[in-house]
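Report on one structure; see the data block that follows.
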Amino acid sequence: MGYCSGRCTLIFICGMQLVCVLERQIFDFLGYQWAPILANFVHIIIVILGLFGTIQYRPRYITGYAVWLVLWVTWNVFVICFYLEAGDLSKETDLILTFNISMHRSWWMENGPGCTVTSVTPAPDWAPEDHRYITVSGCFLEYQYIEVAHSSLQIVLALAGFVYACYVVKCITEEEDSFDFIGGFDSYGYQGPQKTSHLQLQPMYMSK
């Protein structure tokens, strides 16, 4: 795998990450999922910096991007566990993704493929006045599995980005070390030994 090939692949991965996270951000906005919205926003900024570092040969930017991907994978694993209700997590009662400021759920809950939404009247006493009480049926794919698929795709892209980011940083570092070794003498102002002449000049006399 050549350096140029690895760098071009990383640029492609960053582009894919931007497209996928922007799509995800739109649906999180529609569902008022504030925690994912914040995480997606930070991810967009870091991916742009990683893309800039890859194009401009800035290993520090790429390193920061790789570190963030570890946190991004952790976040998406949590989202998967949340929607699959691993442990004590419950997607029905926990309002972690909305910071406990609203009872909104994923946008896909009502708008998934084949879903039929039916309003329930009268609403229960515990339902907030600004929220409608509904039932959803007939979905071809439950909303939690759509969210899990989104997070799984992000994990796959993050793992690929992490591998190629490490590879590109390694190549840039080796290239810089090689350049410093070749040009090191010039950078330190090294001057080779100068030959000195041992010939002694003798005066010349010209007769008239």
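The values are calculated or read from the model by the stated rules, or taken from the named source; none is laboratory data. Predicted, not measured: the structure shown is a model, and the values here were computed from it. No Cβ is skipped: glycine too gets one built from the backbone with ideal geometry, and neighbour counts run over all protein chains shown. These accessible areas exclude ligands, DNA and RNA; they are computed on the full protein's heavy atoms, side chains included. Shrake-Rupley method; radii C 1.70, N 1.55, O 1.52, S 1.80 Å.
Overview of results
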read-out	value
Given (1) over 16 Å from Glu147 (Cβ atoms); (2) crowded, with 18+ Cβ neighbours inside 10 Å; (3) touching a Ser or Thr at 6+ places or on another chain (Cβ under 8 Å), number of the condition Ile11 does not satisfy	(2)
Filter result for Arg7 (free of Cβ contacts under 8 Å to residues at least 60 places away in the same chain, assigned to a helix (DSSP H, G or I) and of a type in the set (Lys, Arg))	no
Only one of Ser106, Ser90 that is hydroxyl-bearing (Ser, Thr, Tyr), surrounded by 19 or more Cβ atoms within 10 Å (Cβ to Cβ) and farther than 20 Å from Leu157 by Cβ	Ser106
Counted residues, the stretch 55-78 - those being outside any loop (DSSP other than H, G, I, E, B), open to solvent by 70 Å² or more (accessible area, probe 1.4 Å) and not hydrophobic (A, V, I, L, M, F, W, C)	3
Restricting the stretch 22-54 to residues that are among the β-branched types (Val, Ile, Thr) and more than 13 Å from Trp108 (Cβ to Cβ), the residue that is surrounded by the most Cβ atoms within 10 Å (Cβ to Cβ)	Thr54
Matching residues, the stretch 49-62, being under 10 Å from Ile11 (Cα atoms) and either among the β-branched types (Val, Ile, Thr) or without any contact (Cβ under 8 Å) to a residue 12 or more places away in the chain (or both)	Phe52, Thr54, Ile55
